[in-house]
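J.: There's a structure below that I have some questions on.
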Amino acid sequence: MNEAPTPNELTHERDALINFRDHLTSGWHHGYRWVDHKHFRLPPTPTTDRELLTALIAHEQFRDTYIGAGVIPEEPRHGPYWITAITPDQYEPLPAPTCERIIRDWSVPACTESPALEADLQREIFDRMTAADRIYHLGELGDENTHDWGRVHEYFHEFVVIDRAAGHLTLIVAADD
């Protein structure tokens, strides 16, 4: 029997990965860079951005360390941080051009080497950001909130893209390992 979703529940729809290794053929050391994006359908009832961030943090799909193991329901880590350290208050609203610049600065020179990588990032990431009502960026949470092996990522950029017109929330993680 299916239970009705709670009013602020996000429905996970799909995941996608842009792996730089699939696009780069030269000797440029890509550092195993990738952009993971998880897509959620917004709840049918109106919710605030804070409620959406709270629902995302509580969602099973958020329990991902991004080191290849995938989602583990009882995982206490998210990326480099302890999940208990992450609250909606740690997410800062940023305009789309600023978010795009963060990813572009991190991904150079890979995008200049691969037009296909640039096209994938434009279609899957930057176009979503441009269409969004709001984008939130998870800032650095400090060493005290970094878990025991959290520094395996040299870079970890996380964005929550809310597009109410499309009825979607997208969690975007751009990182390396």
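J.: Ignoring ligands, DNA and RNA, please state the percent of accessible area on the range 52-177 from carbon and sulfur, probe 1.4 Å. Mind showing how you got there, number by number?
T.: Details: 2930 of 5570 Å².
On the range 52-177, the fraction of accessible area on carbon and sulfur atoms equals 53 percent.
J.: Set Lys and Arg Cβ to +1 and Asp and Glu Cβ to -1, take the dipole of the range 41-177 about its Cα centre, and tell me which of Ala58, Ile72, Phe156 lies farthest positive.
T.: Checking the options against the dipole of the range 41-177, the answer is Ala58.
J.: Quick one: if the Förster radius is 30 Å, what FRET efficiency do Trp82 and Arg14 give, using the C-beta to C-beta distance and rounding to 0.05? Mind dumping the intermediate values first?
T.: Numbers: r = 27 Å, r/R0 = 0.90.
E(calc), rounded to 0.05, equals 0.65.
J.: Same structure again: What ranking of Asp15, Asp22 comes out by heavy-atom accessible area, probe 1.4 Å, highest first? It would help to have the intermediate numbers written out before the result.
T.: Details: Asp15 75, Asp22 120 Å².
Result of the area sort, largest leading: Asp22, Asp15.
J.: Right, next: Would you mind getting me the FRET efficiency between Val108 and Asp133? Use the beta-carbon distance for r and R0 = 35 Å, nearest 0.05. Working shown, then result.
T.: Details: r = 28 Å, r/R0 = 0.81.
Once rounded, the FRET efficiency stands at 0.80.
J.: Right, something else. If you average 1/r over every pair of different alpha-carbon atoms in the range 53-177 and take one over that average, what Kirkwood value in Å do you get? Before the final figure, lay out the partial values.
T.: Working: mean 1/r = 0.0656 Å⁻¹.
After inverting the pairwise mean of 1/r, the radius is 15.2 Å.
The values are calculated or read from the model by the stated rules, or taken from the named source; none is laboratory data. Since the model is a prediction, treat every value here as computed from it, not as a measurement. Ideal geometry is used to build each Cβ from the backbone, glycine not excepted, and the neighbour counts take in all protein chains shown. Side chains included, ligands, DNA and RNA excluded: accessible areas come from the protein's heavy atoms. Shrake-Rupley method; radii C 1.70, N 1.55, O 1.52, S 1.80 Å.
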